[in-house]
Amino acid sequence: MKKLLTICAITAACGTTFAQSSVQLMGTVDTYLGSMRVGGDAARKTVVNSGGMTTSWFGFKGSEDLGGGLKANFGLTSFIQVDSGAQGRFTGDTFFSRDANVGLSGGFGSFSLGRGLAPNFLPTVIFNPFGDSFTFAPLVLHANVPLFNGTGWTATTPADTGWSNALIYSTPNLSGFSANVHYQFGEQANDNGKKNIGFNAMYFAGPLALTGFYEAAQIGNPALPNAPLAATKKDWMLGGSYDMTVAKAYLTHGQAKAENSAAKTSTTSVGVGVPMGAGKVLAGLARTTVSGGNTRTTSTVGYDYNFSKSTDMYAMLMNDKITNFNTGNSVAVGIRKKF
């Protein structure tokens, strides 16, 4: 359960009062025990790692009612590796790499300035049964997690799941339809044309949901200063889900290509979530084919049990295969606590 703290309480020591303002302290702590081996690994490792189903994070978000339906909003949230206490997702990750932005919202929708989500993030994590799991969700692994084990396998999305120095505009909800437009400024001397640009759209109508995104990226993230990519890389994805109550089915397809390469990657994913008892059985498969190159196929099946709305425990089994490399099998159990 998210705890709502008023700014008045936080600043009471200095006697400052802000009417109709609020700050939320929030986050997720997720840790798992597993025997892990992905495609191409020479051997398996037994680990206690952070972020099995959700990358662990904490931070603050807040808003102030400015009147007339207008609000000022901010977000400052940071990733953390709970197994070791280290900051960030990896060595060198910036402190507030999850959110660092401020903006306004109202009847026109909203806009923010700073670091925020990339166009690929919401469509990818909403339209697969494992959500925002960067460890077990086949679609997320193929889209956003490169391998460093000699396979040379790179993520299909070109510039991380968050963009720095960004302007993001989000439309209001229009009868189930919403969209977000993202523009990342290059901030590079003598080359002001460097930029990332993209958009996504989502539509929810009863049991049916549809999505799509497009990105054209010239800048890497999240390192500062932002490093240019070798060449502009473009990627897109279309997807949908349908909730039949007894099961929810997912389907996506997307492609990615760099301008300086003839190779094109195509990724198709399918998945299903089936309610069972106090939790869900989850299953998913993603296959990515590189034209003229290798194919990667990842499948995961597991069970996610809910103790409450904010605490769950999960067990996952994953198979990962890359053409001409060792097959990897992983098994893990973990617990996730939201606050």
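For residue 29, are the conditions met, namely being among the hydrophobic types (A, V, I, L, M, F, W, C), within 27 Å of residue 327 (Cα to Cα), surrounded by fewer than 20 Cβ atoms within 10 Å (Cβ to Cβ) and at pLDDT 95 or above? No, not satisfied. Taking every residue in the range 51-72 that is farther than 23 Å from residue 332 by Cβ and pairing it with any residue that is assigned to a loop (DSSP other than H, G, I, E, B), at least 6 positions away or on another chain, the pairs with Cβ-Cβ distances below 8 Å are 59/96; 59/98; 64/18; 64/20; 65/19; 65/20; 69/107. Being touching a residue at least 60 places away in the same chain (Cβ under 8 Å), crowded, with 17+ Cβ neighbours inside 10 Å and of a type outside the set (Lys, Arg) is a description that applies to residue 116.
With respect to the conditions (1) surrounded by 15 or more Cβ atoms within 10 Å (Cβ to Cβ); (2) touching an Asp or Glu at 6+ places or on another chain (Cβ under 7 Å), residue 207 falls short on a single one, namely (1).
Scanning the range 37-50 for residues that are crowded, with 21+ Cβ neighbours inside 10 Å and without any contact (Cβ under 8 Å) to a residue 60 or more places away in the chain gives a single hit, 50. Residues that are more than 25 Å from residue 288 (Cβ to Cβ) and either out of contact with any helix residue (DSSP H, G or I) (no Cβ under 6 Å at 6 or more places or on another chain) or touching a residue at least 40 places away in the same chain (Cβ under 8 Å) (or both) number at least 2 in the following strands (runs of 3 or more DSSP E) confined to the range 155-220: 162-170, 177-185, 195-205.
Taking the range 194-217 as the range and being under 27 Å from residue 249 (Cα atoms) and hydrophobic (A, V, I, L, M, F, W, C) as the test, the residues that pass are 199, 201, 202, 204, 205, 208, 209, 210, 213.
Would it be correct to say that residue 231 is small (Gly, Ala, Ser), crowded, with 17+ Cβ neighbours inside 10 Å and assigned to a strand (DSSP E or B)? In short, no.
Pairing each residue of the range 286-300 that is within 20 Å of residue 250 (Cα to Cα) with any residue that is part of a loop (DSSP other than H, G, I, E, B) and aromatic (Phe, Trp, Tyr), provided the two are 6+ apart or on different chains, yields C-beta distances under 7 Å for 296/153; 300/130; 300/136.
The values are calculated or read from the model by the stated rules, or taken from the named source; none is laboratory data. Bear in mind the structure is a predicted one, so any value in this text is a computation, not a measurement. Cβ atoms come from the backbone with ideal geometry, glycine included; neighbour counts cover every protein chain shown.
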